[in-house]
């Protein structure tokens, strides 16, 4: 049995025991030969239980995901203990479905890759403990994955993107800009100083009680904001983007959330509504917060591109900006970033929406990338740990701030 030290997140080496019963259901083919490396990827960093098998050419042989969205919508947010329990209930089934769909027996896998950082501690622990037992029973190499690295490299599964390239990762738990120089070689240019944009949009949606709105009752907070914003006037409220005087690439969203909260309180008073009732101006609030978020993200990204161009960190003829993470599926924010890349002669690339959110494919592909590069492939898992908080790469954000690059104002006509 795995023993978890709750303070450090370290797992002891699993004891020898009978394999998971589901492994017995697979036919093993000693004579069967796969021409390519195969990696099983397992993702449980937040509230989705996901897995996939990917080969080194980028073929997805099988994938499965169990979403907890409906459960957490009812509680108004992710409850870590609930997420943990749902991961425990579903992880074996998800992995079994993936292996069955891929027609790959466990013995034919080249390695098992699993998200171990960053994320919710209780969720990460489920994926890691399950994976370590599989690794021990199947005698396969283990590849611990940094969740944000996986998001950053997903684009290389779909496009021939060469290093270096710039990446913007925006999600419910993260917001950062980094230069990707290699599979595990990142320069961090800027990050959120407080909360992530997805978290902020979710909180605004909850404050607006959009779950009670007939058009938004089954949507996540971010999706509800994007949907309702189409019906609103983005300039109905005068809101300035955050950090306009700070000439760096860091982000901040807590102040914007506070401004929106004050606007909602004022409108509730004007309309004679109690907290929890839907405002008649909810669409205008949604449009304003989405537009302000897009402008803030675009301006910081614009500065990051200019910094990399001035320092010759990107190819002058083929500069690429990759945008990934759950918030990257917001088409309004994508259009704002497209205005920036057009102005700076960069190519904007985004994975399809289903690969922007958490999934097993990106974890398996990151495993393939690391396997090919010979980086971070473990044959001894003793002392392996999960890390709820973990920076990405080498932080050069101070250097970016010292450059104090002035960003030309662009018209955000979206």
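Out of contact with any helix residue (DSSP H, G or I) (no Cβ under 6 Å at 6 or more places or on another chain) and touching a residue at least 24 places away in the same chain (Cβ under 8 Å): does that describe residue 268? Considered against the rule, which asks whether it is out of contact with any helix residue (DSSP H, G or I) (no Cβ under 6 Å at 6 or more places or on another chain) and touching a residue at least 24 places away in the same chain (Cβ under 8 Å), residue 268 comes out as no.
Per the conditions (1) assigned to a loop (DSSP other than H, G, I, E, B); (2) under 15 Å from residue 326 (Cβ atoms), the sole criterion not satisfied by residue 167 is (1). For the range 179-198, check the following and say yes or no: at least one residue is crowded, with 23+ Cβ neighbours inside 10 Å, part of a loop (DSSP other than H, G, I, E, B) and in contact with a strand residue (DSSP E or B) (Cβ under 7 Å, 6 or more places away or on another chain). Yes, because at least one residue in the range 179-198 is crowded, with 23+ Cβ neighbours inside 10 Å, part of a loop (DSSP other than H, G, I, E, B) and in contact with a strand residue (DSSP E or B) (Cβ under 7 Å, 6 or more places away or on another chain).
Considered as a group, the residues in the range 36-66 that are free of Cβ contacts under 8 Å to residues at least 40 places away in the same chain and out of contact with any strand residue (DSSP E or B) (no Cβ under 7 Å at 6 or more places or on another chain) include one that is nearest to residue 355 (Cα to Cα), and that residue is 59.
Residues that are surrounded by 18 or more Cβ atoms within 10 Å (Cβ to Cβ), at least 3 per element: which helices (runs of 4 or more DSSP H) completely within the range 44-145 meet that? Counting at least 3 such residues, we get 80-102, 121-138. Residues that are loosely packed, with under 15 Cβ neighbours inside 10 Å and either more than 25 Å from the chain's Cα centre (by Cα) or part of a loop (DSSP other than H, G, I, E, B) (or both) within the range 316-341 comprise 316, 317, 318, listed in sequence order. Is there a residue being over 30 Å from residue 187 (Cα atoms), touching a residue at least 24 places away in the same chain (Cβ under 8 Å) and assigned to a helix (DSSP H, G or I) anywhere in the range 307-314? No.
Among the residues of the range 222-243, is any surrounded by fewer than 23 Cβ atoms within 10 Å (Cβ to Cβ), assigned to a strand (DSSP E or B) and in contact with a helix residue (DSSP H, G or I) (Cβ under 8 Å, 6 or more places away or on another chain)? No, the conditions are met nowhere in the range 222-243.
Restricting attention to the range 354-410, and to residues there that are assigned to a helix (DSSP H, G or I), out of contact with any strand residue (DSSP E or B) (no Cβ under 7 Å at 6 or more places or on another chain) and in contact (Cβ under 8 Å) with a residue 40 or more places away in the chain, which single residue is nearest to residue 331 (Cα to Cα)? Before the answer, list the steps.
Taking the range 354-410 first, the residues assigned to a helix (DSSP H, G or I) are 354-356, 360-373, 397-403.
Okay, now just the ones that are also out of contact with any strand residue (DSSP E or B) (no Cβ under 7 Å at 6 or more places or on another chain), so 354-355, 362, 369, 372-373, 398-399, 401-403.
Now restrict to residues that are in contact (Cβ under 8 Å) with a residue 40 or more places away in the chain: 355, 362, 369, 372-373, 401, 403.
On the way: 355: 15, 362: 21, 369: 29, 372: 34, 373: 34, 401: 29, 403: 31 Å.
Among those residues, the one meeting the criterion is 355.
Values quoted throughout were computed directly from the atomic coordinates according to the rules given, and no laboratory measurement underlies them. Keep in mind that this is a model prediction, so the values were computed, not measured. Note: ideal-geometry Cβ built from the backbone for every residue, glycine included; neighbour counts use all protein chains shown.
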